[in-house]
Amino acid sequence: MTVALVPAAGRGERLGSAGPKAMVSLHGLPLVAHAVRGLLDAGCVRHVVVAAPSDHLAEMTAALSSFEPVTVVPGGADRTASVRLALLAALDHVPDAKIVLVHDAARAFTPPALVRSVTEAVAAGAPAVVPVLPVADTVKRVDADGVVVDTPSRADLRAVQTPQGFAIDVLRRAYEAADVATDDAGLVERIGVPVHTVPGDVAAMKITTPFDLAVAEAVFAR
Ligand code: CTP
Ligand code: MG
């Protein structure tokens, strides 16, 4: 059985919206509702736990009331804290879950097929799975003054998306050992568990800036 965690407790500072980014409405639904719908439409997710901004808990619960089974819990000060709180709630609500997906509310238009392919890779035995895309831009490492240190070979680089999928015991151990990371697979890498990749999808783009929101609005018009 698969459970999905949706960190949605961020402020959206780079987007600059009045309220939380996950509550920004696109085509009549808040981003978090699009994200939850995509997970449930995949057909393989039994329960979704959403981490909401603690001062917008009731509002987000109401926005998700037509989806089920969904549990909304208060998130934390950073993404890692929000995922940790959602994971604890998931272990509580769905004690027999074997697979856990972690999926950013900000990747609101992730195709259900990508949710399935990550879940299937974990079900087939990979302890951790991330969807990845080739990197289009050349990426450089710089020092504190912005001077280039080196240029990693682009062929070895991948941009990482969500949902990220894990055997639930692996994610639980990673979070027990964890401090802070920008992605969950990063915590799993630190406990020495191999992280596998599956092909990502451009539609799983993260909505970070007003430009991204405009792109999403144009591309995902219904
Ligand atoms: N997130 C969260 N709890 C936090 C911070 C972030 O659950 N304390 C979530 C966001 O809601 C988002 C995902 O983590 O769905 C990825 O974070 P990001 O895109 O950086 O969103 P924000 O932190 O809201 O945006 P910004 O960094 O621009 O403020
Ligand atoms: Mg952030």
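What the table below lists for this structure:
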{"item": "Region 73-151: trypsin sites (Lys or Arg not before Pro) in DSSP loop, at most 14 other beta carbons within 10 Å", "result": "98, 140"}
{"item": "Spatially proximal aspartates and glutamates relative to residue 98 (Cα-Cα < 15 Å; intrachain offsets below 8 disregarded)", "result": "120, 169"}
{"item": "Stokes-Einstein D for region 1-61, Kirkwood Rh over Cα pairs, 4 °C, 1.567 mPa s (µm²/s)", "result": "107"}
{"item": "Segment residue 59-residue 143, extension gain: residue separation times 0.36 nm, minus the distance between their alpha carbons", "result": "26.0 nm"}
{"item": "Geometric extent, Cα atoms of region 58-140 - Rg, Dmax (angstrom)", "result": "15.3, 45"}
{"item": "Per-q log10 I(q)/I(0), region 109-222, q = 0.10, 0.15, 0.22 Å⁻¹ (Debye; single scatterer per alpha-carbon; no solvent)", "result": "-0.38, -0.82, -1.21"}
{"item": "222 nm mean residue ellipticity, helices alone, for the chain (DSSP H n ≥ 4; -39,500 (n - 2.57); rounded to 500)", "result": "-9500 deg cm²/dmol"}
{"item": "Candidates 183, 78, 137, ranked by Gaussian network fluctuation over the chain, Cα under 10 Å, top entry", "result": "137"}
{"item": "Global geometry of region 7-116, whether rounded, prolate or oblate, following the gyration tensor of its Cα atoms and the 1.5 cut on a/c", "result": "oblate"}
{"item": "For region 145-193, convex hull of alpha carbons as volume per residue, Å³", "result": "129"}
{"item": "Set of lysines with alpha-carbon distance to residue 21 below 28 Å, sequence-local pairs under 8 removed", "result": "206"}
{"item": "Prolate/oblate/rounded label for the chain (Cα gyration tensor, a/c 1.5)", "result": "rounded"}
{"item": "Rg/Rg_globular for region 36-99, with Rg_globular taken as 2.2 N^0.38 Å and Rg from C-alpha atoms", "result": "1.09"}
{"item": "Extension gain, residue 96 back to residue 77 (0.36 nm per residue minus Cα-Cα distance, nm)", "result": "4.0 nm"}
{"item": "Residue exposure sequence - 109, 211 - by fewest surrounding Cβ within 10 Å", "result": "211, 109"}
{"item": "Prolate/oblate/rounded label for region 109-161 (Cα gyration tensor, a/c 1.5)", "result": "prolate"}
{"item": "Residue with peak Gaussian network fluctuation, the chain [Cα springs, cutoff 10 Å], from 202, 160, 102", "result": "202"}
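FYI, it's all coordinate maths here, none of it is from the lab. Treat the numbers as computed from the prediction; the structure is a model and nothing was measured. Note that we place each Cβ from the backbone using ideal geometry, even for glycine, and neighbour counts take in every protein chain shown.
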